[in-house]
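K.L.:
So that we are looking at the same thing, I have put the structure below in structure tokens.
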Amino acid sequence: MTRVPRPFPSVTGSGRRAQWRRRVVRRVLSAGLAACAVVLATSAARPAPAPTVMVLVAAREVPAGAVLADGDVRPARVPVEAAQPGAIASPSDALGRRVAAGLVTGEALTASRLVPRAAVDGLPPGRVALHVVAADPASVDLLPVGATARVYPVAGGAPLAVGARVLAVDPLVAPGGVLLAGESAPRGVVLSLTVAEADAVLRGHGALDGPVTVTVVGTG
């Protein structure tokens with residue numbers, strides 16, 4: 001009868017050296033299994049990573065009034081709970097738009113920090129855009145886009161609107177316009193108002209027809 005040789009005779013043999021080797025192998029295997037158990041237990045105890053969302057952040061400092069270009073923004077992932085309301089994620093929603101207030105490097109872009117593409121773009125429900133002419137044309141230079149303003153009748157009195165937001169500012173001179181010495185071109189602003197405030201401005205601006213002329217005072 002042919003004797004079948006044992007595999008790994010140096011370990012499976014019957015001699016003392018084979019017994020010693022078997023003890024070493026068992027110890028090595030036990031240590032390996034213990035290490036695997038520790039790794040598995042640690043992995044199970046480690047909390048799952050917090051969910052994140054992609055947003056756009058400023059890639060460098062951007063001054064107020066600048067138009068956003070490719071190098072001004074970059075994508076970044078932030079925890080969902082840290083994402084600001086109105087955060088912008090798509091470059092198409094940001095590039096080419098003007099910054100209403102300066103951005104610092106790494107700051108997330110939000111809809112409220114950008115000038116609307118049009119005066120009525122992004123108006124929340126319950127608000128309307130209304131163009132008014134400033135009684136003092138020079139005061140328009142003190143009303144940058146994004147500023148908050150109060151609207152008063154030209155004759156004075158209680159405000160017709162508070163918390164109005166400047167959406168657009170008339171240029172210094174209308175295209176093709178020519179001013180004579182000492183003249184001032186009528187200038188105004190487009191304001192975001194509640195419906196009730198817009199009604200109050202239209203009723204109380206002091207004229208039965210013609211442009212809506214009021215006193216607009218910036219508050220921030």
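Just so you know, all these numbers are worked out from the coordinates, no wet-lab data involved. On a predicted model such as this, the values are computed, not experimentally measured, just so you know. Here Cβ is always computed from backbone atoms with ideal geometry, including for glycine, and neighbour counts include all displayed protein chains.
K.L.:
Which FRET efficiency, nearest 0.05, do His131 and Thr110 yield, Cβ-Cβ r, R0 35 Å?
P.N.:
Once the sixth-power term is evaluated, E becomes 0.85.
K.L.:
A further question follows. Which whole-Hz couplings ³J(HN,Hα) result when phi for each residue of the range 103-110 is put into the Karplus expression 6.51 cos²θ - 1.76 cosθ + 1.60, θ = phi - 60°, listed in order with x for Gly and Pro?
P.N.:
Once rounded to whole Hz, the list reads 10, 9, 4, x, 6, 6, 7, 10.
K.L.:
Packing-wise, with mean Cβ within 10 Å as the measure, how do 53-65, 77-89 rank, highest first?
P.N.:
53-65, 77-89
K.L.:
Please work out the FRET efficiency for the pair Arg98 and Leu202, using the Cβ-Cβ distance as r and a Förster radius of 30 Å; give the result to the nearest 0.05.
P.N.:
0.60
K.L.:
Evaluate the range 90-170: find the radius of gyration of its Cα atoms, find its Kirkwood radius, and give the ratio Rg to Rh.
P.N.:
1.01
K.L.:
Between Ala158 and Gln84, 0.36 nm times their residue separation minus their Cα-Cα distance comes to what?
P.N.:
Length difference between fully extended and current span is 23.1 nm.
K.L.:
Output ³J(HN,Hα) for the range 149-162: one whole-Hz value per residue in order, computed from phi by the Karplus curve 6.51 cos²θ - 1.76 cosθ + 1.60 with θ = phi - 60°, and x for Gly and Pro.
P.N.:
Taking θ as phi minus 60°, the curve returns 9, 10, 10, 10, x, 4, 6, x, x, 5, x, 8, 7, 10 Hz for the range 149-162.
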